Amino acid sequence: MDKKLNWLKQFSETCGVSGFETQMKELLQKRLQGKAKVSYDKLGSVVFTDAGKGKDLPKIMLASHMDEIGFMVKHITKEGFLKFTCLGGWWEQVMLSQRVTVHGSKGDLVGVIGSKPPHILTPEERTKVVAKRDMYIDIGAADEAMARELGVFEGCPVTPYAEFAVMGDGKTLLGKAWDNRIGCAVMADVMENINAGKHPNTVYGVATVQEEVGLRGAQTSVNLLSPDIAFVIDTCVAGGTPGVSDDVAPAKLGKGIAITIFDAGMIPNTALRDFAKEVAKELELPTQISISEGGATDGGRIHLHDAGVLTLTFSIPTRYIHSHQSIIHMDDYEGAVKLITAMIEKLDKKKYQQLLKG
């Protein structure tokens with residue numbers, strides 16, 4: 001496995017549900033060691049700073065959330081099963097019989113999400129979706145006492161389990177947590193690209209926490225940095241699959257980075273959007289559009305900071321997000337790195353003032 005794929009494998013397989021992102025934070029620090037100055041906000045987001053040459057430089061924030069959706073143990077039954085609450089948005093039909101990792105106080109435990117088997121369901125029950133409240137996690141404990149002895153406790157984080165894999169065409173990648181570990185990978189690559197300090201900006205590469213439970217790290221980190229411009233790097237629903245129409249999910253795997261034109265939390269800055277399209281055209285990089293009427297990104301908090309921040313969201317098209325397994329394409333990832341790097345190199349005080357005027 002080459003170096004880039006090895007990093008992507010680590011990013012995908014690292015455990016870090018909302019509120020428990022420490023392992024991912026440590027991996028990013030390892031990835032960017034010696035490449036940028038490191039600081040933190042008080043909620044847990046990590047900031048990698050690279051200052052360009054000059055004074056009063058535009059401040060650019062690259063925001064990518066490092067948390068993944070998962071679960072938290074809320075109750076241990078007398079029989080030793082774990083009842084849980086969801087961290088982030090889960091759809092019941094992708095949850096049952098899936099393997100999870102329970103992060104107990106004495107080490108990780110293998111678990112599986114269970115419910116009543118179909119053999120004992122009534123005809124009426126078989127036609128209904130099993131509610132989250134009726135599910136549980138089975139760790140193979142004989143009773144509550146054994147579960148506690150194994151290190152399980154109320155508040156224990158639980159992570160979906162999935163192994164990284166390169167699929168048939170050599171460029172399609174299967175794994176967990178691409179939402180938004182692939183955004184973290186893009187951010188890290190961009191910070192490495194600009195490390196020579198030749199760009200005319202101060203750039204903050206920010207891995208935010210708790211996006212999946214309310215864009216919380218975006219709020220605290222933007223308060224810390226007060227940037228002029230923000231590029232949010234996240235994922236979007238990939239179309240091109242059976243039953244998904246182009247008007248709902250226009251972006252497709254392998255067709256280029258998606259520039260978001262609308263989501264439920266933000267209408268992007270149109271001047272910044274057009275600038276991105278211009279740079280992509282110069283570089284002959286394919287781009288797509290993304291629209292999300294039912295979801296939002298860290299940009300929803302960032303663009304409203306203080307008097308406002310010029311904000312644009314770039315999305316990596318991703319199949320089956322918010323499930324145990326999702327799929328991305330290497331071309332979209334690499335295109336995102338090239339485009340964002342080039343935009344940072346072309347941005348300066350003069351261009352920023354032009355963008356402000358819209």
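The values are calculated or read from the model by the stated rules, or taken from the named source; none is laboratory data. Bear in mind the structure is a predicted one, so any value in this text is a computation, not a measurement. Cβ: placed from backbone, ideal geometry, glycine included. Neighbour counts: every protein chain shown. Protein only, heavy atoms only, side chains kept; ligands, DNA and RNA dropped before computing areas. Shrake-Rupley method; radii C 1.70, N 1.55, O 1.52, S 1.80 Å.
Quick notes
- Condition check for Val112 on (1) in contact with a strand residue (DSSP E or B) (Cβ under 6 Å, 6 or more places away or on another chain); (2) outside any loop (DSSP other than H, G, I, E, B); (3) touching a residue at least 40 places away in the same chain (Cβ under 8 Å); (4) open to solvent by 20 Å² or more (accessible area, probe 1.4 Å): one failure, at (3).
- Qualifying residue in region 161-180 (condition: open to solvent by 60 Å² or more (accessible area, probe 1.4 Å), farther than 27 Å from Met66 by Cα and not basic (Lys, Arg)): yes
- Pair list, Cβ < 6 Å and 6+ apart or interchain, from region 58-75 residues that are within 28 Å of Arg133 (Cα to Cα) to residues that are open to solvent by less than 10 Å² (accessible area, probe 1.4 Å) and β-branched (Val, Ile, Thr): His65/Thr208; Asp67/Val209; Glu68/Val17; Gly70/Val17; Gly70/Val158; Gly70/Thr159; Phe71/Val158
- Taking first residues from region 313-341 that are farther than 26 Å from Ile267 by Cβ and partners that are open to solvent by less than 10 Å² (accessible area, probe 1.4 Å) and in a helix (DSSP H, G or I), the Cβ contacts under 7 Å between residues at least 6 apart in sequence or on separate chains come to Ser326/Trp178.
- In this structure, Thr202 does not satisfy being within 30 Å of Phe84 (Cα to Cα) and surrounded by 18 or more Cβ atoms within 10 Å (Cβ to Cβ).
- Filter pass, Leu283 being at pLDDT 95 or above and more than 19 Å from the chain's Cα centre (by Cα): yes
- For the residues Gln33, Gln10, the requirement of being of a type outside the set (Gly, Ala, Ser), out of contact with any strand residue (DSSP E or B) (no Cβ under 9 Å at 6 or more places or on another chain), over 20 Å from Ala162 (Cα atoms) and open to solvent by 40 Å² or more (accessible area, probe 1.4 Å) singles out Gln33.
- 2 or more residues free of Cβ contacts under 8 Å to residues at least 40 places away in the same chain: qualifying strands (runs of 3 or more DSSP E) within region 183-263: 257-263
- Subset of region 172-228 [in contact with a His (Cβ under 6 Å, 6 or more places away or on another chain), among the β-branched types (Val, Ile, Thr) and more than 18 Å from Gly335 (Cβ to Cβ)]: Thr208, Val222
- Only listed residue being of a type outside the set (Phe, Trp, Tyr), out of contact with any Phe, Trp or Tyr (no Cβ under 6 Å at 6 or more places or on another chain) and within 30 Å of Gln10 (Cβ to Cβ), chosen from Leu174, Leu121: Leu174
- Pair list, Cβ < 6 Å and 6+ apart or interchain, from region 285-300 residues that are more than 13 Å from Phe262 (Cα to Cα) and free of Cβ contacts under 8 Å to residues at least 12 places away in the same chain to residues that are assigned to a helix (DSSP H, G or I) and among the charged types (D, E, K, R): none
- Region 70-94, subset open to solvent by less than 10 Å² (accessible area, probe 1.4 Å) and within 26 Å of the chain's Cα centre (by Cα), residue nearest to Lys35 (Cα to Cα): Gly70
- Residue check, Asp67 under 30 Å from Met187 (Cβ atoms) and among the acidic types (Asp, Glu): yes
- Region 117-138, subset in a loop (DSSP other than H, G, I, E, B) and within 19 Å of Trp90 (Cβ to Cβ), residue least open to solvent (accessible area, probe 1.4 Å): Met135
- The single residue among Val158, Val102 that is under 26 Å from His322 (Cβ atoms), touching a residue at least 60 places away in the same chain (Cβ under 8 Å), surrounded by 17 or more Cβ atoms within 10 Å (Cβ to Cβ) and not acidic (Asp, Glu) turns out to be Val158.
- Restricting Gly254, Gly300, Gly240, Gly294 to those that are farther than 20 Å from Gln353 by Cα, open to solvent by less than 20 Å² (accessible area, probe 1.4 Å) and among the small types (Gly, Ala, Ser) reduces the list to Gly300.
- His322 vs. criteria at pLDDT 95 or above, closer than 25 Å to Lys59 by Cα and open to solvent by 30 Å² or more (accessible area, probe 1.4 Å): no
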